[in-house]
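The values are calculated or read from the model by the stated rules, or taken from the named source; none is laboratory data. Just so we're clear, the structure is a prediction, and the values are computed from it rather than from any experiment. Positions of Cβ are generated from backbone atoms using ideal geometry, with glycine treated the same way; all protein chains shown enter the neighbour counts. Quick note on the areas: whole protein, heavy atoms, side chains included, nothing else; ligands and nucleic acids left out. Shrake-Rupley method; radii C 1.70, N 1.55, O 1.52, S 1.80 Å.
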Amino acid sequence: MLVTWAAIVAPAFALDPSKTFSQYLQSSWTVENGLEQKSVMAVAQTRDGSVWLATEEGLVRFNGRTFVSFDERNSPALGDRFIRSLAAAPDGSLWIGTMSGLARYNESKFESFRHEPETRMDIYDICVGTDGSVWFSSDRGLRRLQNGVLRNYTTADGLPANGITGVTVAPDGVLWIATLKGLVSFASGRFTTYSKWDGVEGGPLNTLSIGRNGGIWVGAENGSIGLWERGKITTWWKGNGARIQSLRQDTDGTLWIAFEKLGLGRMRGQKLELFTRSNGLPSNNPDWIFEDRERDLWVGWADAGLSMLRDAKFTAFGKPEGLSSDSVSSVIQAADGSFWVGTVDGGVDHLVNGVVPSDSAAVKLAGKSALGLVQARDGSIWIGSGSGTVTRVEGGRATTFRVSGSLTPEVPAIVQDRSGELWFGFDMPNGLARLRNGHFEEIPLEGRVKALAIAPDGALWIASYLHGLSQLKNGVLRNYSVNDGLSSTFLTSVYVDREGTVWAGTSLAGLNRLKDGKITHYSIEQGLSDSTISAIIEDDNGYLWLSGPRGISRVSLRDLNDYAEGRIKVFHSEAYRYAHGLRSIECNSKAQPGIWKARDGKLWFATTAGLAIIDPLHILTNEVLPIVKITDISLDGKHQAAIENGMRLGPGSGDVEVTFQAPSFVAPEGMWVRYQLEGVDRNWINVGTRRTATYSNLDPGKYHFEVRAANSDGRESKDATTIDFEILAHYYQTYWFRGLCALLPGVADMEYLSLSGSLSGKKDTGTGVDSLAKNRGVAGGAARSRVSKRATA
């Protein structure tokens with residue numbers, strides 16, 4: 001089982017370099033999306049998973065859903081709202097370089113270091129060493145803060161220049177510094193300078209970044225890129241004169257470059273690709289590049305806020321990648337490995353080695369609609385149209401056949417049976433035909449044909465509107481309708497699996513299974529994600545894949561069969577939407593095949609926004625577990641200054657709110673978070689996208705709160721995040737006060753004792769007011785008010 005599981009999932013990885021830029025999923029945030037400032041000069045991620053942004057109007061924390069801003073008004077210790085640099089420390093703290101000094105954020109508190117004269121400066125770059133020391137750069141040399149002691153390094157200590165433009169720490173603890181006179185390393189208390197590129201003296205550096213396998217990437221002021229390895233800098237790219245703001249090599253080895261006012265660069269090997277607004281980016285002026293723990297790529301823009309790029313389960317291929325139209329109707333793979341793609345309004349495209357050749361549209365069709373597709377055994381391609389014609393393409397020549405009569409129906413389906421006979425489905429009454437001597441010969445069949453399939457035993461199966469499901473075998477036609485158990489006669493698709501089981505999809509009436517003469521119906525109530533099934537296919541791993549107007553889904557064939565045999569009552573179908581890489585969740589129902597299984601096992605889906613491609617045996621899965629953190633606890637609206645285990649709240653009325661976060665940036669809308677307060681909640685409570693737990697009128701006492709989270713792929717945090725807290729009692733809720741009242745007859749009557757018993761949350765069996773003790777809402781509050789006045793009197 002473990003081997004099988006490992007084969008069907010692949011861990012999420014950095015952006016696949018084989019994909020075009022348009023095939024990445026891009027999310028962007030600016031002022032309109034809650035980000036208060038559009039200039040993002042640095043991005044960092046702390047140990048709790050939060051992403052932090054440096055802006056000109058303060059420090060910003062982002063958890064995937066909301067932005068929280070900090071500046072000198074709500075966080076005076078920050079000292080300055082102009083944030084230039086950030087560095088996450090191994091202990092979970094965040095070091096902040098501002099325009100006027102150094103600050104740190106740790107455990108919800110800010111600490112300023114601006115009292116040190118040597119830290120009151122514009123801090124360009126900042127990093128934290130493996131020993132906990134903090135290094136930061138400026139135009140006046142290099143600073144180190146270690147164990148509260150500040151030291152300044154200049155040319156007098158061995159630096160080639162006091163102008164420091166970048167600083168970072170390698171995993172081995174070596175400090176690397178970009179200066180106006182070359183690259184410098186600092187190890188064992190000694191500086192070593194590397195100023196030559198390819199043996200020739202280089203110019204000023206503007207940025208640097210730790211690479212893979214021990215290399216150091218450097219960006220020169222003239223726009224050149226170099227790689228330091230084994231004591232030498234090699235020119236990787238000669239540059240175009242544009243200033244390099246940031247460099248980052250992702251986990252997959254791709255180098256990403258932020259060019260000032262020129263766009264975002266992607267370099268694999270020594271080939272540079274440049275992406276700008278024309279590629280859908282919000283700006284041409286990137287400032288900072290960062291890769292998070294889930295391997296998403298973040299870009300901070302100088303004038304356009306924040307963007308995140310990530311890979312997805314599906315690869316999109318549409319008009320941006322070269323198709324003539326985004327509205328794809330059908331797709332097949334030919335014997336030579338190429339793909340033929342039918343479109344609703346752009347004819348047919350021929351996809352060769354992932355590219356649509358310039359002469360792809362050379363196939364002349366009677367109209368622009370290319371619907372049903374099939375390749376015959378002789379290698380010819382047959383294309384159904386939307387106007388009553390079928391075109392045969394062979395050797396670059398096209399021959400068109402037209403249905404007789406005045407009708408011009410769509411031709412959504414074409415198949416070839418084992419004898420070589422070609423069958424055509426027309427979307428018109430009596431819509432089944434075969435081609436004989438260049439003419440279509442109608443087969444008497446009521447209904448408009450929507451889909452055709454050939455079974456392993458050679459039978460032809462026909463899905464039609466109004467007439468249901470039909471089988472043509474050995475010249476005998478048999479029909480199945482609602483009287484035979486079919487959920488509807490409005491069929492949209494048909495598929496016969498390798499076992500010979502027939503699967504028929506309907507419009508609005510779910511899925512049907514025909515096996516051994518018995519029909520089983522599946523609906524949303526049993527586990528389907530959509531009631532309309534446009535196309536059906538089986539993968540190589542025991543799943544049935546379904547497409548429809550609400551997206552793509554897969555369901556285990558074993559579960560479907562178990563349901564049919566009565567072994568289970570419900571099943572689970574996994575649905576795929578925009579967050580999984582679909583540009584449109586609407587799959588095209590115009591023609592067949594609407595899904596194609598390629599020879600490598602990948603599935604190709606026809607959608608209204610191009611092709612959607614997935615490898616069922618290697619589905620990208622986010623294996624990074626979410627980190628849950630309790631960020632706030634309030635009693636009666638009063639927030640606690642520090643969140644710590646065993647904290648004591650109140651006394652108060654018992655209205656408690658617990659706030660928590662679980663940052664995840666891969667489809668955060670698909671996450672789930674659940675919590676439980678022991679002794680109060682009988683079961684775990686799933687809060688969906690909410691990140692608070694609210695309780696009213698909790699009794700004084702000790703409580704244990706737990707919260708857990710799972711990412712969008714269902715990977716749950718290993719341990720629950722917990723906190724113990726105590727709600728203190730008012731004096732009139734304590735046992736000593738009640739005991740004192742009992743010893744002083746005449747101070748309080750039975751009504752008073754009854755009401756104080758209700759306030760304590762305990763049953764007062766001697767008063768007969770058990771209902772008051774159970775009422776902990778508005779009435780309970782009123783009762784407390786009366787008792788308070790009576791006690792005062």
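Values computed for the structure shown
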{"item": "Which label in (i) 42, 30, 27; (ii) 50, 44, 19; (iii) 58, 45, 19 gives the computed semi-axes √(5λ) of the Cα gyration tensor in Å", "result": "(iii)"}
{"item": "Label zone at residue 477, where the point sits 7 Å out along the Cα-to-Cβ direction: the range 435-465 residues whose backbone N lies under 12 Å", "result": "442-449, 462"}
{"item": "DSSP-defined antiparallel bridges as percent of all bridges, the chain, nearest 5", "result": "95"}
{"item": "Furthest towards positive pole of dipole, 685, 182, 429, structure part the chain, Cβ charges", "result": "685"}
{"item": "Distance (nanometres) between label positions extended 7 Å along Cα→Cβ at residue 518 and residue 742", "result": "6.8"}
{"item": "The range 33-89: trypsin sites (Lys or Arg not before Pro) in DSSP coil with no more than 12 other Cβ atoms inside 10 Å", "result": "73"}
{"item": "Relative packing of 170-180, 196-206, which averages over residues the other C-beta atoms within 10 Å, highest first", "result": "170-180, 196-206"}
{"item": "Gain in span if fully extended, residue 640 to residue 408, counting 0.36 nm per residue against the direct Cα distance", "result": "76.2 nm"}
{"item": "FRET efficiency for residue 574 and residue 91, using Cβ-Cβ distance with R0 set to 25 Å, rounded to 0.05", "result": "0.05"}
{"item": "Per residue solvent-accessible surface (Å²) - the chain, probe of 1.4 Å", "result": "44"}
{"item": "Residue 690-residue 26 FRET efficiency (beta carbon distance; Förster radius 30 Å; 0.05 resolution)", "result": "0.65"}
{"item": "Restricting the range 592-677 to trypsin sites (Lys or Arg not before Pro) in coil, as DSSP defines it, with at most 16 other Cβ within 10 Å", "result": "599"}
{"item": "Segment residue 229-residue 734, extension gain: residue separation times 0.36 nm, minus the distance between their alpha carbons", "result": "174.7 nm"}
{"item": "Rounded if a/c under 1.5, otherwise prolate or oblate - the range 413-489, Cα gyration tensor axes", "result": "oblate"}
{"item": "Ranked packing of 211-218, 417-424, most packed first, by mean Cβ within 10 Å", "result": "211-218, 417-424"}
{"item": "Where labels lie 7 Å past Cα in the beta-carbon direction, separation of residue 303 and residue 378 in nm", "result": "6.2"}
{"item": "Full-extension gain in nm, residue 397 to residue 155, via 0.36 nm per residue minus C-alpha separation", "result": "79.5 nm"}
{"item": "In nm, spacing of pseudo-spin labels at residue 704 and residue 541 (7 Å Cα→C-beta vector)", "result": "3.9"}
{"item": "Residues residue 718 and residue 107, FRET efficiency given R0 of 22 Å [Cβ-Cβ distance, rounded to 0.05]", "result": "0.45"}
{"item": "Percent accessible area from carbon and sulfur atoms, the chain, protein chains only, probe 1.4 Å", "result": "48"}
{"item": "Relative contact order of the chain, defined on C-alpha pairs under 8 angstrom at six or more residues apart (%)", "result": "8"}
{"item": "Phi to ³J(HN,Hα) by Karplus 6.51 cos²θ - 1.76 cosθ + 1.60 over the range 391-397, Hz, x for Gly, Pro", "result": "10, 9, 10, 8, x, x, 9"}
